[in-house]
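S.K.: Let me begin by handing over the structure; questions about it come next.
The values are calculated or read from the model by the stated rules, or taken from the named source; none is laboratory data. These figures come from a predicted structure and were not determined experimentally. Because the Cβ atoms are built from the backbone with ideal geometry, glycine has one as well, and the counts that use them run over all protein chains shown. Side chains are part of the model used for accessible areas, which takes the heavy atoms of the whole protein and leaves out ligands, DNA and RNA. Shrake-Rupley method; radii C 1.70, N 1.55, O 1.52, S 1.80 Å.
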Amino acid sequence: MIAVYDRLGRVIGAEDRARVYREGLWHASAGVLVRSPDGARVYVHRRTETKMVFAGMHDCLAGGVVGPGEEPEQTAVRELAEELGIVLPAGTSPLPMAAAAWDGEWNGKPMRCHLFAYELRYDGPIRHQPEEIAEGWWWTDAELRAHLADPAWPFVPDTRVIVEDLIA
């Protein structure tokens, strides 16, 4: 089950993830841009081929959909731990960076999502969840921007909506 939103960004209920994707219901996702402590590099990863949406595509946010009763920041912290093995100390939060709405399309069906992005400066170990992350690496903002300039590069389309607010 995931939280369902209206087009204005208000929570209006919860539905099964498959139904949300099948019917293009508004929902929300939250993700964390992991930066090196000096801010010079960002962690980019490729999603596994078994993901329900955006399989095999690249992303620079570790994140996922907001669950029922969950705030976006809680989702971001949870997903950061699940996907990259980064567990934040109690009382620590990633920095809120941007929010946007994406009224797009995926596999010929509407995909509507409110996006919440955060940033974390980090230099510790990264441990991929093998079911979600195929591989990952550090890039400068310029390297990421160069790849994003190629519309054929398989990058998660909802993150494309918000990434300009996250990189220099």
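S.K.: Tally time: how many residues in the stretch 22-40 are open to solvent by 30 Å² or more (accessible area, probe 1.4 Å) and under 15 Å from Arg112 (Cα atoms)? Break it down stepwise before answering.
M.R.: Here is the first cut: in the stretch 22-40, the ones open to solvent by 30 Å² or more (accessible area, probe 1.4 Å) are 22-23, 25-26, 37-38, 40.
With the extra rule that they be under 15 Å from Arg112 (Cα atoms), the set shrinks to 22-23, 25-26.
The number of residues fulfilling the criteria is 4.
S.K.: Could you check how many residues of the stretch 61-117 are part of a strand (DSSP E or B), charged (D, E, K, R) and at pLDDT 95 or above?
M.R.: Step one: filter the stretch 61-117 for residues part of a strand (DSSP E or B), giving 62-65, 95-106, 109-117.
From what's left, charged (D, E, K, R): 103, 105, 109, 112.
Those still in the list that are at pLDDT 95 or above too: 103, 112.
Residues that pass the stated criteria total 2.
S.K.: Filter the stretch 107-136 down to the residues that are loosely packed, with under 14 Cβ neighbours inside 10 Å, in contact (Cβ under 8 Å) with a residue 60 or more places away in the chain and either small (Gly, Ala, Ser) or within 23 Å of Ser93 (Cα to Cα) (or both) and list them by number.
M.R.: Scanning the stretch 107-136 gives Arg121, Asp123.
S.K.: Still on this structure: Any idea how many residues of the stretch 74-97 are more than 12 Å from the chain's Cα centre (by Cα), open to solvent by less than 60 Å² (accessible area, probe 1.4 Å) and within 18 Å of Val163 (Cα to Cα)?
M.R.: Result for the stretch 74-97: 1.
S.K.: From the list Met1, Met52, exactly one residue is touching a residue at least 12 places away in the same chain (Cβ under 8 Å), in contact with a Pro (Cβ under 7 Å, 6 or more places away or on another chain) and open to solvent by 40 Å² or more (accessible area, probe 1.4 Å). Which is it?
M.R.: Details: Met52 fails: in contact with a Pro (Cβ under 7 Å, 6 or more places away or on another chain).
After ruling out the rest, the residue left standing is Met1.
S.K.: Restricting attention to the stretch 148-164, and to residues there that are surrounded by 12 or more Cβ atoms within 10 Å (Cβ to Cβ) and assigned to a helix (DSSP H, G or I), which single residue is nearest to the chain's Cα centre (by Cα)?
M.R.: The qualifying residue nearest to the chain's Cα centre (by Cα) is Thr159.
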